[in-house]
Amino acid sequence: MPKVYVAGKIQDNGIELLKRKGFKVDLNLTDKDLTREELKDIFSKYDAVITMPTDNVDSDLLSSASKNLKVIANYAVGYDNIDERAAKKSDIVVCNTPGVANEAVAEHTFAMIFALNKQLKVADRFVREGNFKQWDPNAFLSHQLWGQTIGIIGLGRIGTFVGQIAFGGFKMHILYFDIARSEDFELLCEAEYTDMRSVLSLSDIVTLHVPLTADTRGMISTEELKLMKKTALLINTSRGPVIDEKALIWALKEKEIAGAGLDVYEHEPEVSAELIKMSNVILTPHTASATIETRERMSELVAQNIIDVFEGREPVGLVN
């Protein structure tokens, strides 16, 4: 009976699927991330491990793995927490959960856009502090989204879905940049493919949907922020380190851009005290994908990835 360890709390449907297929499943029932030593012990004893995106699976940790460890199934769409090349050298399959969070992350992206554009954070505090004495026709004025230009950097599944909402829901003009052009997307959303500098300089809202790689780390820094409109909003629901946070804080303080919505952070889970103080910044704790439906799909897929490996099939989420 193959043994699987689940390093964090996941939905029950994936656990039950594994059990029905004959796997012995052990769980981390605490609300805490596993320590380095605990992970090393687990990697030395189990045939498969379901890791959390907060687990740093590097070459040192992989060196402690048992020869029986066949698969590391990451409970996330991203997998930058795993050294997949080192895993491959040890004949360990690495999997992720692609495609499960498209709708949820796109919804969260627009939730941030709405909150910033309509100044909901400031307006809510205004009412709670007893300042609403009479209707003011000039209070908290904003531009409607209808007809504004949204710039999408990274046209994967999530970026595509954001574009569909922007065009289908608000008839927004869409500019996008990606390493690959999508004529289908352009036809569907009347979108315009252009370079990143143009996306930054011409968009009213810029939203990031890129994986974290050597090329994307720090891709939004001082030079890029200076290109943006002073009235523009920047949204990041991808990976924190794609933005140089010191540069972002400077841009917000100097009013180089109007506001930012961040679900991820450069040094996560640490969040800059300066960002916390800013009224024109919306902050959420890496919860863009946090819907019940998404978590259930993630749980099922992470389990199915393991099952496929043990039954000799190529898993949907194969990384390496």
Discussion item. Anything in region 173-190 that is surrounded by 12 or more Cβ atoms within 10 Å (Cβ to Cβ), more than 23 Å from the chain's Cα centre (by Cα) and aliphatic (A, V, I, L, M)? List them, or say none.
Written reply: L188
Response to the item:
Log entry, pairs with first residue in region 105-122 being β-branched (V, I, T), second being in a helix (DSSP H, G or I), beta carbons closer than 7 Å, six or more apart or on different chains, reads V105/I158; T109/V162
Response to the item:
Of the residues in region 229-242, those that are touching a residue at least 40 places away in the same chain (Cβ under 8 Å) and not in a loop (DSSP other than H, G, I, E, B) come to L233, I235
Worksheet, complete the sentence: Given the conditions (1) surrounded by 20 or more Cβ atoms within 10 Å (Cβ to Cβ); (2) in contact with an Asp or Glu (Cβ under 7 Å, 6 or more places away or on another chain), every one holds for Q11 apart from (1)
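A quick yes/no check of all residues on (1) outside the structural domain of A247 (by TED's automatic domain parsing); (2) on the phi < 0 side of the Ramachandran plot; (3) modelled with pLDDT of 95 or more:
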| residue | (1), (2), (3) |
| --- | --- |
| D263 | no, yes, yes |
| E270 | no, yes, yes |
| A273 | no, yes, yes |
| M278 | no, yes, yes |
| M298 | yes, yes, yes |
| L301 | yes, yes, yes |
| N305 | yes, yes, yes |
| G317 | yes, yes, yes |
| N320 | yes, yes, no |
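The values are calculated or read from the model by the stated rules, or taken from the named source; none is laboratory data. Because the structure is a prediction, the values reported are computed rather than measured. FYI the Cβ positions are ideal-geometry reconstructions off the backbone, even for glycines, and counts take in every protein chain you see.
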